[in-house]
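What follows draws every value from the coordinates through simple rules; no lab data is involved. It should be emphasised that the depicted structure is a prediction, and the values quoted were computed from it without experimental measurement. We place every Cβ from the backbone using ideal geometry, glycine too, and count neighbours over all the protein chains shown.
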Ligand SMILES: *[C@@H]1O[C@H](CO)[C@@H](O)[C@H](O)[C@H]1NC(C)=O
Ligand SMILES: *[C@@H]1O[C@H](CO)[C@@H](O)[C@H](O)[C@H]1NC(C)=O
Ligand SMILES: *[C@@H]1O[C@H](CO)[C@@H](O)[C@H](O)[C@H]1NC(C)=O
């Protein structure tokens, strides 16, 4: 507090009272602080999107594996996080123009998706050397461009391959730039498996990036894909019930997004439909109700979103075709270990 304020405690208190009165006690505020996000695969059901983006929703941000926000999700309340999937996207001049045109609420950018994974499973299959080159040439300059983007290192699969890839990537980075390597503002991770495995993987990444480098302040981690594949809804609900409080309580975890914002019929064969937030009729599953904050927040199993609610534009059917294709290719990712 400044000297000035000390001399005028009453005026200060009045100002404080006014400020408190003016601060909207809305969930938008809570939303903003929520770590919870949406890995958006292109759900074409308007009521599902309406529910996910309704005012009581704990979801504060979303991404769709691309720099182009989906037209079905209104972005006013949610922070859209662009992702540059691979080297082609990184070197395309249209990509930088596109991210420049995003709303100012977009501040963070995700880079290469599962470079240690195959393209057949949604990965970008990039050699560490090539990734380092493209990252330094195209991604790092975004930190100085326009709004000064906060950039992430590539998000690998949650496996030994992932860590191995990151080590090689780091070596390649320092071969190219002896001073700076590949600077990053945060880390993005994927996890498909049980809770203990997730905690172990995050611990490993935290050790690799923070503990072992004595990095201060430590880099924060975003878990951008997360689910318990090939098991039923009960197993997923139990895993999520254990996971969400843990992630919310870890300071080094900044954001996370569950992989499952779809109905069972839109799930891919690899994860199975136990991960789905919605049932076949668009009601919340047990998993969905939990992710939305449960009954405390006004969400229960079976609940549906409102028709045309909260400014959702339904349709964009053409999107579903490309998404269906992408979906079938994507996210068989992650190594199915430690179940
Ligand atoms: C961190 O350092 C210890 C000690 O050198 C090493 O055994 C461990 O493998 C390192 N962890 C990671 C994730 O690289
Ligand atoms: C990357 O390599 C550099 C140079 O060898 C090293 O100082 C740094 O600790 C490594 N970074 C990580 C995260 O291991
Ligand atoms: C989550 O865990 C709490 C206590 O740990 C329990 O009361 C609740 O029923 C669980 N919910 C689900 C959906 O498993």
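By how many nm would the segment from residue 199 to residue 246 grow when fully extended, if each residue of separation counts as 0.36 nm and the alpha-carbon distance is taken off? Before the final figure, lay out the partial values.
Working: separation 47, 0.36 × 47 = 16.92 nm, distance 0.87 nm.
Here the answer is 16.1 nm.
How much length is gained if the chain between residue 55 and residue 130 is pulled fully straight, taking 0.36 nm per residue apart and subtracting their Cα-Cα distance, in nm to one decimal?
On the way: separation 75, 0.36 × 75 = 27.00 nm, distance 4.31 nm.
My answer for the length gained is 22.7 nm.
Any idea how far apart residue 216 and residue 143 come out in nm if each label point goes 7 Å out from Cα toward Cβ?
2.0 nm
Residue 303 versus residue 92, label points 7 Å from Cα toward the beta carbon: distance in nm?
Spacing of the two 7 Å Cα→Cβ label points: 3.8 nm.
To check you understand DSSP bridge types, tell me what percent of the beta bridges within the stretch 26-329 (both residues inside) are antiparallel, rounded to 5. Before the final figure, lay out each step's value.
Working: 2 of 25 bridges.
In the stretch 26-329, DSSP labels about 10 percent of beta bridges as antiparallel.
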